[in-house]
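Just so you know, all these numbers are worked out from the coordinates, no wet-lab data involved. All figures in this text were calculated on a predicted structure; none of them were measured in a lab. Here the Cβ is made from the backbone with ideal geometry for all residues, glycine too, and neighbour counts use every protein chain on show.
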Amino acid sequence: MSLPRGFKANAEREAARVRKEMGLPGNAAVDIEQVAEHLQMKVVSADRLIDIERLYELERIQAFAFSAATFEIEGRFFIVSNPIRTPGRLASDIAHEVAHRLLDHQLSEVREIDGIPFRTCKPDEEEQATAFGGTLLLPRPLLTAAAYRGWGPDEIAKQYNVTVEMARYRYNATGVARQVKARSV
Ligand SMILES: [Zn+2]
């Protein structure tokens, strides 16, 4: 599967727009929960809704079955996140949900796992939400600045509290390492 034409550039523009609206420079790190709130979405940790033991139980039944999910209740949007994830993974999951909303994806499919309903989107929309969410967390200007400091994916993950997978994905997708190398010769 591939992203639609112009998708990446649009994601970068949106990441820049959100930062500008929040009064932040284009290369700033963001707290994704604050971004969600800025966009009128409230992040609620799932252990405030159900016993945390049930979340561990679900994890044992199917690992990573529940990352985060968006619910619309009386016109308000809530992102329910999974507190048993690492902070980096939590950021990716929340960014993914924020991206669905910014991309205006419909909450359609409902799957049930152990009696708990989950909404999922279409596979192409899932890919888009992950790419867009990654751009919100790590936009090109931020990665370029990091690459100039000589930081690779591991250092970026540590500095910006994202997963190494996410840092590597964005680092490679944007080609910032090549860009920085080309300018310094
Ligand atoms: Zn999704």
Cα convex hull of the chain: how many Å³ per residue? 125
Whole-Hz ³J(HN,Hα) for each residue in segment 64-73, computed from phi via Karplus 6.51 cos²θ - 1.76 cosθ + 1.60 with θ = phi - 60°, x for glycine and proline: what do you get? 6, 5, 10, 9, 7, 8, 9, 10, 10, 10
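For residue 3 and residue 54, FRET efficiency with R0 = 41 Å and r from the beta-carbon atoms, rounded to 0.05?
Working: r = 36 Å, r/R0 = 0.87.
Between residue 54 and residue 3 the formula returns 0.70.
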Which of 60, 101, 13 fluctuates most in a GNM of the chain (C-alpha springs under 10 Å)? That residue is 60
Mind checking which of 156, 61, 32 has the largest fluctuation in a GNM of the chain, springs on alpha carbons under 10 Å? 61
Could you calculate, for segment 118-185, the ratio of the Cα radius of gyration to the Kirkwood radius, expressed as Rg to Rh? 1.06
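Where does the chain land at 222 nm, in deg cm²/dmol rounded to the nearest 500, when only DSSP H runs of n ≥ 4 count, each adding -39500 (n - 2.57), divided by all residues? Before the final figure, lay out the partial values.
Values: 9 runs with 100 residues, N = 185.
Mean residue ellipticity at 222 nm (helix-derived): -16500 deg cm²/dmol.
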Considering only the other residues whose Cβ falls under 13 Å of the Cβ of residue 9, what net charge follows from Lys and Arg at +1 and Asp and Glu at -1? +3
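Which order do peptides 143-149, 92-98 fall in by mean Cβ count within 10 Å, highest first?
Working: 143-149: 18.1, 92-98: 25.6.
Final packing ranking: 92-98, 143-149.
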Report the one residue of 75, 25, 3 whose Cα lies farthest in the direction of the positive end of the charge dipole of the chain (charges on C-beta: Lys and Arg +1, Asp and Glu -1; origin at the Cα centre). 25
Given a Förster distance of 25 Å, report the FRET efficiency between residue 122 and residue 21 from their Cβ-Cβ distance, rounded to the nearest 0.05. 0.30
If each part is reduced to its alpha-carbon centroid, segment 46-84 and segment 1-30 end up apart, in Å, by 27
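What's the ranking of 70-79, 158-167 by average number of surrounding C-beta atoms within 10 Å, highest first?
Numbers: 70-79: 13.2, 158-167: 18.6.
The packing order, highest mean first, is 158-167, 70-79.
Taking a quarter of the surface of the convex hull around the Cα atoms of segment 1-73, what do you get in nm²?
Values: hull surface 29.9 nm².
The Cα convex hull of segment 1-73, projected and averaged over all directions, gives 7.5 nm².
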Between the Cα axis of helix 164-174 and the main Cα principal axis of the chain, the angle (0 to 90°, nearest 10) is 50
